[in-house]
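Accompanying notes for the structure given below.
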Amino acid sequence: MNPDTVIDAVSAVFMVTGALMSLAAAIGLLRFPDLMSRMHAATKPQVLGLFLLLAALGLQMRTWSVWPVLLVAWLFQLLTVPVSAHMVGRAGYRTKHLHPELLSSDELEAVVQKAAQQAATHGADDDDR
Amino acid sequence: MNRKRISLRQELPLLVWLVFVWGALWQNFSPGNLLFGALIAVLVARIFYLPPVELGGRFNVLRAVPFALIFLGKVVAASFQVLYLAVVRGPNVVSAVVAVPLRSHSDLLVTATGHVISLIPGSLVVEVDRSTSTLYIHGINVRNAEDAAKLRKEVRDTEAGLIRIMGTKAELSALTLETAA
């Protein structure tokens, strides 16, 4: 078996698996019930999917100079994905885009309500003065 | 302008990263290109000044490599888990929002822990309480208290791993005390 065939086979496997991860995201977007669980499907499989596709690309290009730029592309993806997921998730939670009946527990709700209550009583205190 | 001066040592990781990005984008790591990149990096860091990241002052490469490999493994496993959930459970999936108090109060470690946890499919940081350094995490397929405890342990373990890599000496000794007890 010559090395070229091996590299081709490995990159083929990587590409198909990477594409599968995009498919997972699409299926998740369609099937999951609320914004939060959709965020899991929409943001996360790309971490692996992009990694596999970039790795396949690097293997096919057959030059070392392309690897650093692929690494940088992936690292920037790693840095930005959680931030966008967090921002959307946070905004979604605050605007009540979730199904409470599908949460087995919600430890944030009590905290939010306590903070809202405190804000309300503080506001009332200010009115008294 | 009244700005806190930072030492070159503190700024060095940023400069090295900028030079690396420069070389990667040109796809050329020849000394001349790197030198020019370093010049631009220093200029950029001086002109577009950002508050310095407070590093812990140590970085353990021997801990970082296994951590990165385990991280990749977890990403692979969890990606397929989310695929399975999407196909099989779909609309009936049950999630939970779990509060996880962290040990460290440093911004860098809280951010890093949140990032790593967010990148592993199945958990998502919804809210951060910086004053108590508590992460509120939305976990998919968390059906009962047992699953929630598992998620909490996973987050705490991730933080422990990050402290071993780049936490301050004080955090590290607190962690060793905790695990010894």
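The values are calculated or read from the model by the stated rules, or taken from the named source; none is laboratory data. This structure is a prediction, so every number in the text was calculated from the model and none was measured. So basically every Cβ, Gly included, is an ideal-geometry build from the backbone, and we count neighbours across all protein chains shown.
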Filter result for B:Tyr136 (within 13 Å of another protein chain (Cβ to nearest Cβ), part of a helix (DSSP H, G or I) and of a type in the set (Phe, Trp, Tyr)): no
Total residues in region B:82-110, condition assigned to a helix (DSSP H, G or I) and free of Cβ contacts under 8 Å to residues at least 40 places away in the same chain: 9
Subset of region B:108-162 [closer than 25 Å to B:Ala64 by Cα and among the charged types (D, E, K, R)]: B:Lys150, B:Arg152, B:Lys153, B:Glu154, B:Arg156, B:Asp157, B:Glu159
Tally, over region B:111-133, of residues that are free of Cβ contacts under 8 Å to residues at least 40 places away in the same chain and part of a loop (DSSP other than H, G, I, E, B): 4
Exclusive hit being surrounded by 14 or more Cβ atoms within 10 Å (Cβ to Cβ) and of a type in the set (A, V, I, L, M, F, W, C), set B:Val82, B:Val61, B:Val87, B:Val65: B:Val82
Given (1) over 25 Å from B:Lys74 (Cα atoms); (2) within 10 Å of chain B (Cβ to nearest Cβ); (3) in a helix (DSSP H, G or I); (4) not β-branched (Val, Ile, Thr), index of the condition A:Phe76 fails: (1)
Residue that is farthest from B:Val128 (Cα to Cα), among those in region A:100-112 that are surrounded by 14 or more Cβ atoms within 10 Å (Cβ to Cβ) and of a type outside the set (Asp, Glu): A:Leu102
Search result, residues across region B:63-119 that are of a type in the set (D, E, K, R) and over 26 Å from B:Arg130 (Cα atoms): B:Arg63, B:Lys74, B:Arg89
Selection status of A:Arg62, over 22 Å from B:Leu85 (Cα atoms), of a type in the set (Lys, Arg) and more than 10 Å from chain B (Cβ to nearest Cβ): yes
Candidate set from region A:71-102 (those that are modelled with pLDDT under 75 and in contact with a strand residue (DSSP E or B) (Cβ under 8 Å, 6 or more places away or on another chain)); member that is farthest from A:Leu48 (Cα to Cα): A:Pro100
Residues that are more than 7 Å from chain B (Cβ to nearest Cβ), of a type in the set (A, V, I, L, M) and closer than 13 Å to A:Pro82 by Cα, drawn from region A:25-43: A:Ala42
Of the criteria (1) more than 8 Å from chain B (Cβ to nearest Cβ); (2) buried (at least 18 other Cβ atoms within 10 Å of the Cβ); (3) in contact with an Asp or Glu (Cβ under 9 Å, 6 or more places away or on another chain), which one A:Ala55 fails: (3)
Looking only at region B:82-125, and only at residues there that are polar (S, T, N, Q) and either more than 7 Å from chain A (Cβ to nearest Cβ) or over 14 Å from the mean Cα position of the chain (by Cα) (or both), the one that is nearest to A:Ser22 (Cα to Cα): B:Ser123
Considering residues of region A:79-109 that are more than 8 Å from chain B (Cβ to nearest Cβ), in a helix (DSSP H, G or I) and charged (D, E, K, R) only, the residue nearest to B:Val110 (Cα to Cα): A:Arg94
Residue identified as touching a helix residue (DSSP H, G or I) at 6+ places or on another chain (Cβ under 6 Å), on the phi < 0 side of the Ramachandran plot and not assigned by TED's automatic domain parsing to the domain that holds B:Arg152 among B:Leu39, B:Leu18: B:Leu18
